[in-house]
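Have a look at the structure below, then the notes.
We did not get these values from a lab; they are worked out from the coordinates using the rules stated. A quick note: this is a predicted structure, and the numbers were derived from the prediction, not measured. Virtual Cβ from ideal backbone geometry, glycine too; neighbours counted across all protein chains shown.
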Amino acid sequence: MLQTEREGSTEKKRAEKKSESATFTIKIQFARNATWQGSISWLEGQKTRNFRSELELMKLMAEAAPCEEELADW
Amino acid sequence: MNDPERGKISANISLFRMYAEKKDHDLAGVLVNDYYGFRIDYSSVGQLFSYLDEFLDYVNFPMAATRRRTFGESAPEKREAMPEHVKDVEDGAIPDRQPDFILHVQFRQGATWQGTLRRADRQTTRRFRSELELITLIMNALDIERGKDL
C-alpha cells in the first residue's frame with residue numbers, strides 16, 4: 001500500500017509538472033467590458049479556474065505551460 | 001535608467017513609445033519609456049502583455065483593482081526586484097523612425113487594462129477597454145489588407 005501511495009503521489013507530481021505542452025478546456029461564458037469571462041480547465045493539472053479577462057486567461061495558460069523564447073532583436 | 005523605487009512615480013511610467021511589426025503571424029518590437037529611460041523588448045503578443053504587466057505589478061502603477069488568479073493554491077508573490085525584461089533604454093537598438101504607436105495604460109480594472117493608443121503617423125487616438133481591444137486596434141492598424149483601420 002505504501003508503494004501504491006508513492007506511485008500515486010509521483011503521478012500527481014508528474015501531472016502538475018510544467019511542460020511545454022498542456023491541454024485546456026476553455027468556456028467563454030460572457031463577453032463584457034470588451035473582453036471575455038469564463039472558466040478554464042487544465043487537463044493535466046486537473047484544476048479549473050474562472051477568468052475575468054483575456055489577459056487573465058493568457059496568464060493562467062502561461063502558468064501551466066510556460067515557454068522561454070529569445071527576445072526580439074532589431 | 002531612473003529607478004522608479006527611488007523617485008516619485010508619475011503617470012508617465014505607463015506611457016510608452018511603441019514600435020511594432022508583424023512577424024510570423026505575431027507581433028514583435030519594443031516599448032520605450034523616455035521619462036524613466038527603460039525599454040521592454042518583446043517577440044510575441046504574449047510577451048508584450050506578460051512583460052508589461054509584470055513591470056506594472058512591480059511599480060504597482062496603475063494599481064490593479066483585482067488580484068491575479070492562478071492555478072496554484074497560494075496567491076502570487078509580490079515581485080521585489082525589477083523584472084529582468086526591463087532594461088536600460090540604451091541597452092539595444094531602437095528603430096530609426098517615428099514610433100508606430102504611443103501607448104498609455106491608465107487603469108487596470110477588471111483584470112485587464114484600460115487606456116489610450118495613439119497612432120503616430122495619423123495622429124489619431126483610440127481608447128481601449130481591455131487588452132483584447134488593444135491588440136485588435138494594433139493588428140488592424142498594422143494590417144492594411146483588413147481594411148478596418150484607426
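When chain B is treated as a GNM, springs tying every alpha-carbon pair under 10 Å, which of B:Pro95, B:Pro62, B:Pro83 comes out with the largest mean-square fluctuation?
The residue with the greatest mean-square fluctuation here is B:Pro95.
Would you tally the net charge around A:Ile40, using a Cβ to Cβ cut-off of less than 12 Å, leaving A:Ile40 out, and scoring K and R as +1, D and E as -1?
Values: positive: A:Lys27, A:Lys47, A:Arg49, A:Arg52, A:Lys59, B:Arg69; negative: A:Glu54, A:Glu56, A:Glu63.
Around A:Ile40, the charge tally is +3.
What longest region of chain B stays clear of GluC sites (Glu not before Pro) that DSSP places outside H, G, I, E and B and that have at most 12 other Cβ atoms within 10 Å? Mind showing how you got there, number by number?
On the way: sites that count: B:Glu5, B:Glu73, B:Glu77, B:Glu80, B:Glu84, B:Glu90.
No qualifying site falls inside B:6-72, the longest such stretch.
Apply the Karplus curve 6.51 cos²θ - 1.76 cosθ + 1.60, θ = phi - 60°, to the phi angles in the stretch B:58-70 and return the couplings in whole Hz, x for Gly and Pro.
Once rounded to whole Hz, the list reads 5, 7, 6, 8, x, 5, 6, 7, 10, 8, 5, 7, 9.
log10 I(q)/I(0), Debye, Cα-only chain B, no solvent, q = 0.11, 0.20, 0.21 Å⁻¹?
-0.42, -1.40, -1.52
Using the Karplus curve 6.51 cos²θ - 1.76 cosθ + 1.60 with θ = phi - 60°, what ³J(HN,Hα) values do you get for each residue of the stretch A:25-31, in whole Hz, with x for Gly and Pro?
Rounded to whole hertz, the list is 10, 10, 10, 8, 9, 9, 10.
Taking beta carbons within 10 Å but only from partner chains, what does the mean come to for residues B:90-96? Could you put the intermediate results ahead of the total?
Details: counts 0, 0, 4, 2, 1, 1, 1.
For peptide B:90-96, the averaged partner shielding equals 1.
Using only atoms on other chains, find how many Cβ atoms lie within 10 Å of each Cβ of peptide B:36-48 and report the average.
Values: counts 0, 0, 0, 0, 1, 5, 3, 5, 3, 1, 6, 5, 1.
Per residue, the number of nearby Cβ atoms from other chains is 2 on average.
For A:Phe51, list long-range residues whose amide hydrogen, built 1.01 Å from N in the peptide plane, is under 5 Å from its own amide hydrogen.
A:Gly38, A:Ser39, A:Ile40
Can you list the HN-Hα couplings for the stretch B:10-26, worked out from phi with the Karplus curve (6.51, -1.76, 1.60; θ = phi - 60°), rounded to whole Hz and with x for Gly and Pro?
10, 5, 5, 5, 10, 10, 10, 7, 10, 9, 8, 8, 6, 9, 6, 6, 9
Hey, got the average number of other protein chain Cβ atoms within 10 angstrom for residues in B:63-74? Each step should come with its number before you reach the end.
Details: counts 0, 0, 0, 3, 0, 7, 10, 7, 13, 5, 1, 0.
Per residue, the number of nearby Cβ atoms from other chains is 4 on average.
Report, in deg cm²/dmol and to the nearest 500, the calculated mean residue ellipticity at 222 nm for chain B, where each DSSP H run with n ≥ 4 adds -39500 (n - 2.57) and the sum is divided by the residue count. List each step's numbers first, then the result.
Working: 2 runs with 27 residues, N = 150.
Estimated from H runs of four or more residues: -6000 deg cm²/dmol.
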